[in-house]
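Step one of this worksheet: look at the structure below.
The values are calculated or read from the model by the stated rules, or taken from the named source; none is laboratory data. Computed from a predicted structure; not experimentally measured. Counting neighbours? That spans all protein chains shown, and the Cβs are built from the backbone with ideal geometry, glycine included. To get the accessible areas, we keep the full protein, side chains included, count just its heavy atoms, and leave off ligands, DNA and RNA. Shrake-Rupley method; radii C 1.70, N 1.55, O 1.52, S 1.80 Å.
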Amino acid sequence: MPSATALLSGNLPAEPNSFIGRERDLAELARLLGEVRALTLSGPGGIGKTRLAIRLARNVIDGGSGAPGDLDEAWLVELADWRGQTAQHVAATIGVREEPGVPLAQTLAEALRSRYMLLILDTCEHQVGDCATLVQLLLARCPWLRIVATSREPLRVRGETVWRVPPLDLPPERANGTDLGAYEAVRLFAARAAGARAGFALTEDNVAPVARLCRTLDGIPLGIELAAARVRALSVEQIADRLRGRFQLLDSGDRTAPLRQQTLRATVDWSYELLDEPEQVLLRRLAVFSGWNLDMAEQVCSDPGSSAGGIPADAVLGLLISLIDKSLVVLDGEAAGDARYRLLDTIREYAAERLVAAGEQSQLALRHRDCILALVEDTTRGMFNRGAPPWPVRRATFRRGIAEYGNFRIALATSLAHAHAEEGLRLCTGLRNMWVPHGDAREAATWFDRFGTLESEVSPRVRGRALACRAEIAFDLQDYDTLVRSAQDSLALSRAHGDDFTVPVALRVLAQAAARAGQLDDASACVAEAIAAAEVSGNDWESGITLAARAAIAVKQGKLKSAQRAYEAALEVLSDNNHWGIATVEYGMGTLARARGDDKMAMRYFEDAMEIFRELDAWPEIARCQAGIGWIATAGGELDLARESFAEALRLNQMCGQRLGITRGLEAFAALAVARQQPQQAAQLAGAACQLRDSLGLPVGVGPRVEQILEFSRERLSAAKAATLFAAGREMTVEDAIRYALGSQPPSAPVSIAETGWADQARPDTVGGPRHDTGGARRAPSPLTPREHEIVLLIAQGLSNREIADELVISPATAARHVANILAKLGFTSRTQVASWATRHESRD
């Protein structure tokens, strides 16, 4: 599986066929990217904006374009089917997870701040305002980021350069002979025609008609490709004649549209009218999909009983192949072993218009929704039960679900548009276990709430289960008011209507919330009730997850043997169930083994859990496993392994925008610096970690682990030098701190972990620190001002802030500020520590 470094290469899709022409355009765009940071490729549909943007990105990343060489990753975010916040879709595509209490756009900006990325926002025109707002924020906050947008209209943001995508290069009217084959439009027609009919090539006889045809099509790539697909049945002259007849109709039609837009519309009209009626019917019906496989097309687009004018299910494959041959449908890779298909945006828009004109839009939208609902519920039934199907099948099903995200959103929007709350909540409940591992808890909450407020009839069973899922989502978002309200409503509704399946879910979430609030007795009682309810319901998945929740609560209570028994019971119940649950339990068991000092077992559990998380691309969970391995390696003296694991965890948390994870990663590298006898790095990284922790609104001050790190640095360097370095660390940006951590090198002479006293520091929740002889370490200049030195001496005498203020004739507020500054500069948390430091240092100054 890929490492964090490999993931940073991006997601550019493979090109479906050869890229023809645009050499001058690509050179010009590459030059522009060296000068501007926001570049919008603008132009009508079918002009080739998306394909050009992808080729530009590939050239830039491969380094062969003459563009700035500092870009090392490129991401494509497709917005055609997206109707929510642009930031949400960008974050999901790149892998950035939402942080509780922080606007997602801010988290995204922080995650991208240090990355040398080219971001392509494709098809922005339907939400150009939201795109513009996000682009403005990212450009302001991410100095190395460059953005290429494709849109039929400019974003109109500061610093944007709009580049109108021109048609392909066309031969002039008087050109003739073999030179015609050098022009881009003619080259494209020849390449696509050769793909449609083996043996097709430009000759002296056909090159002039091809050139005239390309001029008729105004050099629009999509129009040329549609025409070239017809050489299977028509000669070039026949294609040109038929197209000329079509364009003559423009004279009697609406001439207000731009000429190239009229040309493309006429070309698509012509292609559509050449189709047989069943092909036309299938094409327009396929517009309801974001993408599809054969089964889905057969379910949604065929007609039961194959009525007159309808499509029988067994005819769909042949019709689909015919539409692919005519360049109207695109083969789009595979998912879960099934070929995937899609329509280009321009063709899909046209097909959707035809679907409305045929009076089928509402009917097909509901057919699509019902197909997706059945898919989601069938998937859920097969994902969370013991026995069959085997894990590889479930894993493939999960991956297929990721491919269907566009269809999920279309189905949800259809249910909302028709005020079908029951179907909408069933979709949400089924998608819950897709949303959460994929990091889309906020989107999940939004859809649950939209359907929950609809005034339409919903069965008690569906509403009760939806409320329980909403409570789980609230737990992930740390929205405890919503959690308690939803879980209690679910519990009341489920008990009143005999839905034993849902009762343990609601009880377990209430127990987890109580545990997080420190109400451990309530949590323990509630989880015991949940376990009993799960056994009654026969819900094996919930039984295992609830036993794991009991174990986590027991750990908080200090009952490690009880926690071990509960984890083992959970693992037994989940052993032949969904491996996501197994990985979650194994991670918990690894943490518990660490706390008990069984590093060998802890390492095994973390590695086993990480293997499953990698199969699901669960990057924050992988980061936690890597951090656990790093701490074990630190305790065991395997410092190279520790550095490798901590580095992978830090990169993953940075990639996913998880600043709490970054904070813990910096603390881990500070501890590793102690183990390597690097007091300067230790103090500086400790300061950076504290500053980031403070900025996140976490408890302010120096925790026990950081205090131990600082004590080591003080004894090796002097308190003043350590305080200076700690203060310097607090001044570092997050990106600088990460670079400093990842760039730190081991000492020339390896140091035994036993020499450092850090074997115990690598254990969770261990208090107590290393003690070293300071020897003859040189003392650094004090970080304190002369006034602060005065105040240190008064603190050592036991004076309060008010007494210090009276002594120095300053206000109590000023005295308090000085004391706070002294604590921060010295890395202390109490006046007692300052007094002790003064006893050792101030008398010598």
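A few comments on the model shown:
- Note on the range 563-694: Rg/Rh from Cα positions, Kirkwood definition for Rh, rounded to two decimals, is 1.01.
- For Val162, residues with placed amide H under 5 Å, excluding near neighbours: Thr40
- Counted without the sites themselves, the longest stretch of the chain free of GluC sites (Glu not before Pro) in a DSSP loop having at most 15 other beta carbon atoms within 10 Å is 458-845.
- DSSP beta bridges confined to the chain are antiparallel in about 20 percent of cases.
- Spin-label pair Glu457/Asp70, simplified geometry with 7 Å Cα→Cβ offset, distance in nm: 6.4
- Two-site label geometry, Ala201 and Ile324: point separation in nm, points 7 Å out along Cα→Cβ: 2.8
- Accessible area of the range 513-572 belonging to carbon and sulfur atoms, whole % at 1.4 Å probe: 49
- Distance-filtered residues of the range 336-356 - backbone nitrogen under 13 Å, label point 7 angstrom along Leu317 Cα→Cβ: 339
- Placing unit charges on each Cβ (+1 for Lys and Arg, -1 for Asp and Glu) gives the range 74-188 a dipole about its Cα centre, and among Met117, Pro143, Leu76 the Cα reaching farthest toward its positive end belongs to Pro143.
- Extreme residue, positive dipole direction of the chain, given options Ala14, Ile94, Ile239 (C-beta unit charges): Ile94
- Between the Cα long axis of helix 391-403 and the first principal axis of the chain there is an angle of about 70°, rounded to the nearest 10.
- Rg(Cα)/(2.2 N^0.38 Å) for the chain, N = residue count: 1.13
- Helical runs (DSSP H, four residues minimum) scored at -39500 (n - 2.57) apiece and divided by the length of the chain put the mean residue ellipticity at 222 nm at -19500 deg cm²/dmol.
- According to the Cα-based calculation, Rg over Rh for the range 528-614 is 0.98, with Rh computed by the Kirkwood formula.
- Shape index of the range 14-128: Rg/Rh, with Rg the Cα radius of gyration and Rh the Kirkwood radius from the inverse mean 1/r over Cα pairs, equals 0.98.
- Degrees separating the helix 49-62 axis from the principal Cα axis of the chain, which is the longest one: 50
- Placing unit charges on the Cβ atoms only, positive for Lys and Arg and negative for Asp and Glu, gives the chain a dipole magnitude near 1600 debye about its Cα centre.
- Distances between placed amide hydrogens fall under 5 Å for Ile147 paired with Ala38, Leu39, Leu119, all partners being 5 or more residues away or on another chain.
- The equivalent ellipsoid of the range 474-587 has semi-axes of 21, 18, 12 Å, largest first, where each one is the square root of 5 times an eigenvalue of the Cα gyration tensor.
- Difference of contour (0.36 nm per residue) and Cα-Cα distance, Glu807 to Glu277: 181.1 nm
- Taken about its Cα centre, the range 100-190 carries a charge dipole of roughly 380 debye when the Cβ of each Lys and Arg holds +1 and the Cβ of each Asp and Glu holds -1.
- Using a Förster distance of 30 Å, the FRET efficiency for Leu331-Ala374 (Cβ separation, nearest 0.05): 0.75
- Were the residues from Arg242 through Thr446 laid out at 0.36 nm apart, the gain over their Cα-Cα distance would be 68.4 nm.
- Length gained when the stretch Leu641-Ala492 is fully extended (0.36 nm per residue, less Cα-Cα span): 48.5 nm
- Selection from Leu493, Trp435, Ala671, by position along the positive dipole direction of the chain (Cβ): Ala671
- Rolling a 1.4 angstrom probe over the protein heavy atoms with all chains in place gives the chain an accessible area of 42 Å² per residue.
- Every Cα-Cα pair of the range 425-489 was included, and the share exceeding 16 Å stands at 37 percent.
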